[in-house]
Amino acid sequence: MDQKLMREFVEKKLKRGGYTNIAAANFPCGVWIKEDTKLYAVCLFDDPNKLAADPWRIDRVVDYAAQKVREQKQLECQFLALVLSDDFSISKQLVTGFYPRWFIDDAGQPVIFDGQPSEFCDLYATLIRKERFSDRFNGKRIAINRIPEVTLMLVILNILIQCIVAVGEIGGKESALMNMMVLQIGEFVQKPEWWRLVTSVFLHFGWDHLFNNMLVLLYLGALAERCLGKWRFLGVYLISGIGANAASVWWYVHQGDLLVATAGASGAIFGIAGLLLCIVLLSKGHFEEITLRQLIFMMFFTLYHGFAESGVNNCAHIVGAIIGFVCGIIIFCQMKKRKAEGM
């Protein structure tokens, strides 16, 4: 890892996140501060091998920086050590100390060990936003970011199931997998096989149906997973899909349409869209490369297309979006509480 390029990359991120460099030339580390409700300071270290030889150097340096900051600002300040280290074993050696500390890996992404605060004055969002260090290595920029693992897993699973269904329908036969997974309203009412509320989320009626859903999932899912983490993202996806299916059963029974069969990831995907809508609203109209106008337009266009066409389960779309939005509020409140407790 080129330490100079990495340091420049992280310093650029800190500037964009509202941090200001106050370090003098004789400081043993870079010190970046940000005033929010309190004063926060990040001490940037870029020599992990030297630190490994003297693990307590981090605390001594941060103590020295804390003294200088208090003299200059006349305010109490919270500190975080940020260490540039592409060696996991060295990072593990340096994780213990008085001051909290995060590490930056060779992809330019934050690594937070157990026992360390999960947030520090919006620093995590600042460090993971948009481009990665590896995308700019040696001055080269790569437009395509890596697809997060759960999003990729969901797309592969949906495609795999569609392939098995297609093979089962060769020769005009009915697919056994389709019959096993689809949510047929009348049959479900007579014999509630509750697992169909889950399996139908991963089933699609043809390749066009699959392609449209997976295209949206790749875009929105990647953003949501990077924001929330894989388990929260997967939880919202499944809860939205299952909830949308349950609401669809109630709706079609209420309408008397017991012959309807429903399947598809649309409810779950609208749940992710509703989640992101909540996040965008709480982020004052913009998050990553998504704006509030873009997200609302996409959701409105999809719903309009659904109402204009026959055979589209708009109930699943609407309920999925509502569930995702509510999940967004709950997650935001939890993260805000954890952030306050971590301070």
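The values are calculated or read from the model by the stated rules, or taken from the named source; none is laboratory data. The shown structure was predicted, so the numbers you read here are calculated from the model rather than taken from an experiment. Every residue, glycine among them, receives a Cβ derived from its backbone with ideal geometry; neighbour counts consider all protein chains shown. Keep in mind that these areas ignore ligands, DNA and RNA; they rest on the heavy atoms of the full protein, side chains included. Shrake-Rupley method; radii C 1.70, N 1.55, O 1.52, S 1.80 Å.
Relative contact order for region 186-262: what is it in percent, counting Cα pairs under 8 Å that are at least 6 residues apart?
That works out to 47 percent.
Hey, if we sort Val216, Val10, Val189 by accessible area with the 1.4 Å probe, largest down, what's the order?
Result, largest first: Val189, Val216, Val10.
Checking the cross-link filter: which lysines have an alpha carbon closer than 30 Å to that of Lys337, excluding same-chain neighbours under 8 positions apart?
Lys12, Lys13, Lys15, Lys34, Lys38, Lys73, Lys92, Lys130, Lys230, Lys284
Roll a 1.4 Å probe over the protein heavy atoms and report the accessible area of Lys12 in Å², nearest 10.
Looks like 80 Å² after rounding.
Round to a whole angstrom and tell me the spacing of the C-alpha centers of region 183-202 and region 237-258.
Region 183-202 and region 237-258 have Cα centres separated by 10 Å.
What chymotrypsin sites (Phe, Trp or Tyr not before Pro) does region 148-218 have in DSSP loop regions with at most 11 other beta carbons within 10 Å?
Taking region 148-218 and a limit of 11 other Cβ atoms within 10 Å, the loop chymotrypsin sites (Phe, Trp or Tyr not before Pro) found are Trp194, Trp195.
At a probe size of 1.4 Å, how large is the accessible area of Trp56, to the nearest 10 Å²?
Looks like 140 Å² after rounding.
If you count only protein heavy atoms and use a 1.4 Å probe, how large is the accessible surface of Cys121, to the nearest 10 Å²?
The accessible area of Cys121 comes to roughly 0 Å².
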